[in-house]
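Written out below as structure tokens is the structure these notes cover.
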Amino acid sequence: MSSIESREQALIVGAPVIRARGEYYLSPHFGRAPFFAFIEVKGDKYRVLEVVENTHSRHEHGRGRGVIDLMLARGVNAVIALGIGYGAFYKLRDSGVKVYYPPVSGDLLPLNKAIEMLINKQVVEAVEPREIE
């Protein structure tokens with residue numbers, strides 16, 4: 001193992017997901033996603049650490065704060081999402097969490113494909129919120 005590899009830190013990625021046909025896909029709505037997946041990425045390898053229910057998805061007021069607290073409690077330092085609202089985006093960014101957007105195609109994007117896109121630098125680091133209709 002080279003000295004660069006030995007210093008490589010794991011990236012903990014949070015992703016809003018839905019479950020369909022026995023598989024997880026990125027949810028188009030960050031705060032209203034039914035689940036959040038937490039993935040450890042190290043180099044070109046990754047593993048899903050856990051998938052948890054988003055107990056904040058039904059709350060209209062304060063939903064964003066609860067979701068951000070969940071992300072930070074899990075040690076997330078990156079989020080991959082199709083879209084994210086103003087409040088959540090800036091709260092994450094102000095907490096040092098980077099947000100990444102994969103290309104939007106209109107099709108459901110499987111979680112594993114989204115993570116592979118992140119690893120292969122086929123995502124864009126977000127500079128502003130992006131709402132998905």
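No lab work stands behind these numbers, since they all come straight from the coordinates. Only a predicted model underlies this, so the values are computations on that prediction, with no experimental measurement involved. Cβ placement follows ideal geometry from the backbone for every residue including glycine, while neighbour counts extend to all protein chains displayed.
What's the ranking of 103-110, 16-23 by average number of surrounding C-beta atoms within 10 Å, highest first?
Answer by packing, highest mean first, reads 16-23, 103-110.
Quick one: which of 92-98, 67-73, 28-34, 119-125 comes out on top by average Cβ neighbours within 10 Å, and what's the full order, highest first?
Details: 92-98: 15.3, 67-73: 18.1, 28-34: 19.7, 119-125: 12.6.
Taking the mean over residues of other Cβ atoms within 10 Å, the ranking is 28-34, 67-73, 92-98, 119-125.
Set the Förster distance to 22 Å, then compute FRET efficiency between T55 and L108 from the Cβ-Cβ distance, nearest 0.05.
Computed FRET efficiency for T55 and L108: 0.40.
Considering every pair of different Cα atoms, what Kirkwood radius, in Å, is found for the chain?
Evaluated on the chain, it is 14.9 Å.
What is the gain in length, in nm to one decimal, between R65 and E128 on full extension, counting 0.36 nm per residue of separation less the C-alpha to C-alpha distance?
20.9 nm
In whole percent, what relative contact order does the stretch 3-125 give with Cα contacts below 8 Å and a gap of six or more residues?
Answer for the stretch 3-125 is 26 percent.
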